[in-house]
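Here's the structure we're looking at; comments come further down.
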2 protein chains.
Amino acid sequence: MQDSQTSDTTQKTIEETIVSGILSARIRPGTRLSENQLASLFGVSRTRVREAMMRLETRGIVHVSPRRGWFVVEPSAEEAIAVYEARRIIEAGLLRSMRVLTDAGREALDAHLNEERSAIAAGDRQRLTYLMGDFHIRIAELSGNAIIVDILRDLTARTILISMLYQSEFHAAQSHDGHCRIFQAMQAGDFGRAAELAVEHLDEVEMGLDLTARPDPLSELRSSLSLPSRTVSPTDRPKNHKLQRSN
Amino acid sequence: MQDSQTSDTTQKTIEETIVSGILSARIRPGTRLSENQLASLFGVSRTRVREAMMRLETRGIVHVSPRRGWFVVEPSAEEAIAVYEARRIIEAGLLRSMRVLTDAGREALDAHLNEERSAIAAGDRQRLTYLMGDFHIRIAELSGNAIIVDILRDLTARTILISMLYQSEFHAAQSHDGHCRIFQAMQAGDFGRAAELAVEHLDEVEMGLDLTARPDPLSELRSSLSLPSRTVSPTDRPKNHKLQRSN
DNA sequence: CTTTGCTGTCTTGTATGCAAGATAGCCAGA
DNA sequence: TCTGGCTATCTTGCATACAAGACAGCAAAG
């Protein structure tokens, strides 16, 4: 636990580092976030790490198990469904509220879709994950409404965590097509249609999940015993405390 | 600064106390929230107060001016507009996503509207403020989506702060009528219409604001000097430090 | 009377220290 | 071999101590 490379990064950076790590699928659900490790990693005391964790917790991105540790959330199947539903509600409402697509907006989306295409061509899966989520954030940015942007960013982060848990295979091309269709409707000025397409698109992605799968392998037992809910799946829990310290 | 009545309230209570204080219009925008005062009021140390403040800050309800203090936010005119826009987007999307109004839902809304009526009859303005905001939260609860409920609760809190700053008079009867119309459309199963009515309703309320009014009397000077943004309007800033301590 | 600088006291910012729960691994006993 | 309990050591929870900025009020100079 010697001190490390980084230094006086100013407060919000811990938060943003973690969120962007999730958005680009570099941080997996269930990852342990030790206060001490983060503290030495960022060159600050536990206090500031803790503050960042609290903030992330209210954003639904991180979760604390009392006296055991902080973990990146592992959304349950129910939570996954709720996240997709919330996104459908907000994104459809957002698109329907739009009246015009400005030139700048058209160019931004066009550039984004090109990036998607080149990432698909390059087979860069991590970048692709990031771009697929970012498309929706870009649309929110068109509205110029910072509140909506923030909400959708957090929901997108949770969506990516959900994908990492439940998505067996990644239909990037299909998602890209969905994005293109939405863009076309927007260009045509038909925002009602764009909203419908966005809902369909989110439905498609949600259908691509296997929500009976991975996490909480004890769920059957748990529910048959009618125990409260869930903590952290033992899968990602470190087995050996001593090894923890090694980085 | 002696200790006080309250005791081992468990963490989230500080947060919820403040939010519900805002929702019922008992806490005004710009109110100073001293860490020390809250700490002794809740019988905890500053640490936990601070954590609550951080959480409230990420929820957009509280704001810190470095080394000066925590304050309940005083939304600027631009922020006020953004809040209403966000609400229109989300509430319209929410209503449009609904397919049926359950019996339980119908009864809940009906009971709520009756409460509105009796508060109007009684002229209980504080209760009325609470109910007028709560109607929209009730609708969100019908969806059963906790994410949407949380988002709308926070936006409603901000809306109430906005009202306290910019709303000269309170058209309770008009708002109540709007709520009734939305309810009727929902009962008729016409959720598209309900969404339209919700947007109109929010527009109406927003129009009732005088956004050129109250806060940040220095805004003209500030913008002509092109200074960053805003901190706390001097109006609500306490003049005398000594008096602070008295409760 | 106005202005300018000083100083005491308030505030938050941050680190640290100690308490206490939870877990892993060991060891003894069956 | 398996079971049960003990203990060492990890973790977070929470309070406290100290650093440092901001402001109000006063006093002195113009």
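The values are calculated or read from the model by the stated rules, or taken from the named source; none is laboratory data. What you are looking at is a predicted structure, and each value in this text was computed from that prediction instead of being measured. A quick note on method: Cβ atoms are made from the backbone with ideal geometry, for glycine too, and the neighbour counts reach across all protein chains shown. Keep in mind that these areas ignore ligands, DNA and RNA; they rest on the heavy atoms of the full protein, side chains included. Shrake-Rupley method; radii C 1.70, N 1.55, O 1.52, S 1.80 Å.
Couple of notes before you dig in:
- Yes/no for B:Ile27 being more than 13 Å from chain A (Cβ to nearest Cβ), under 15 Å from the mean Cα position of the chain (by Cα), modelled with pLDDT of 95 or more and open to solvent by 20 Å² or more (accessible area, probe 1.4 Å): yes
- Matching entry among B:Arg50, B:Arg46, B:Arg68 (being surrounded by 19 or more Cβ atoms within 10 Å (Cβ to Cβ), among the charged types (D, E, K, R) and over 26 Å from A:Ile148 (Cβ atoms)): B:Arg50
- The set of residues in the stretch A:112-139 being surrounded by fewer than 21 Cβ atoms within 10 Å (Cβ to Cβ) and either more than 17 Å from the chain's Cα centre (by Cα) or within 14 Å of chain B (Cβ to nearest Cβ) (or both) consists of A:His112, A:Leu113, A:Asn114, A:Glu115, A:Arg117, A:Ser118, A:Ala119, A:Ile120, A:Ala121, A:Ala122, A:Gly123, A:Asp124.
- Highlighted here are the helices (runs of 4 or more DSSP H) found entirely within the stretch B:9-103 that include at least 3 residues which are in the same structural domain as B:Ala188 (by TED's automatic domain parsing): B:77-97.
- A:Ser97 of a type in the set (Gly, Ala, Ser) and either more than 9 Å from every other protein chain (Cβ to nearest Cβ) or surrounded by 21 or more Cβ atoms within 10 Å (Cβ to Cβ) (or both): no
- Top-ranked residue in the stretch B:40-75 [being farther than 16 Å from B:Thr17 by Cβ and more than 12 Å from DNA strand C (Cβ to nearest atom); ranked as nearest to the other protein chains (Cβ to nearest Cβ)]: B:Thr58
- Some residue of the stretch A:139-151 being farther than 24 Å from B:Ile148 by Cβ, among the hydroxyl-bearing types (Ser, Thr, Tyr) and more than 16 Å from DNA strand C (Cβ to nearest atom): no
- When restricted to residues that are open to solvent by 10 Å² or more (accessible area, probe 1.4 Å) and within 12 Å of another protein chain (Cβ to nearest Cβ), the stretch B:140-158 contains 9.
- Figure legend. Inter-residue proximity from the stretch A:105-125: first residues closer than 12 Å to A:Phe183 by Cβ, second residues among the basic types (Lys, Arg), beta-carbon distance below 6 Å, spacing 6+ or different chains. Indicated pairs: A:His112/A:Arg138.
- Search result, residues across the stretch A:54-84 that are in contact with an Asp or Glu (Cβ under 7 Å, 6 or more places away or on another chain) and of a type in the set (A, V, I, L, M): A:Met54, A:Leu56, A:Ile61, A:Val64
- Pair list, Cβ under 6 Å, 6 or more apart: the stretch A:22-47 residue near DNA strand D (Cβ under 7 Å from one of its atoms), other residue open to solvent by less than 20 Å² (accessible area, probe 1.4 Å): A:Leu33/A:Trp70; A:Glu35/A:Val49; A:Arg46/A:Ala39
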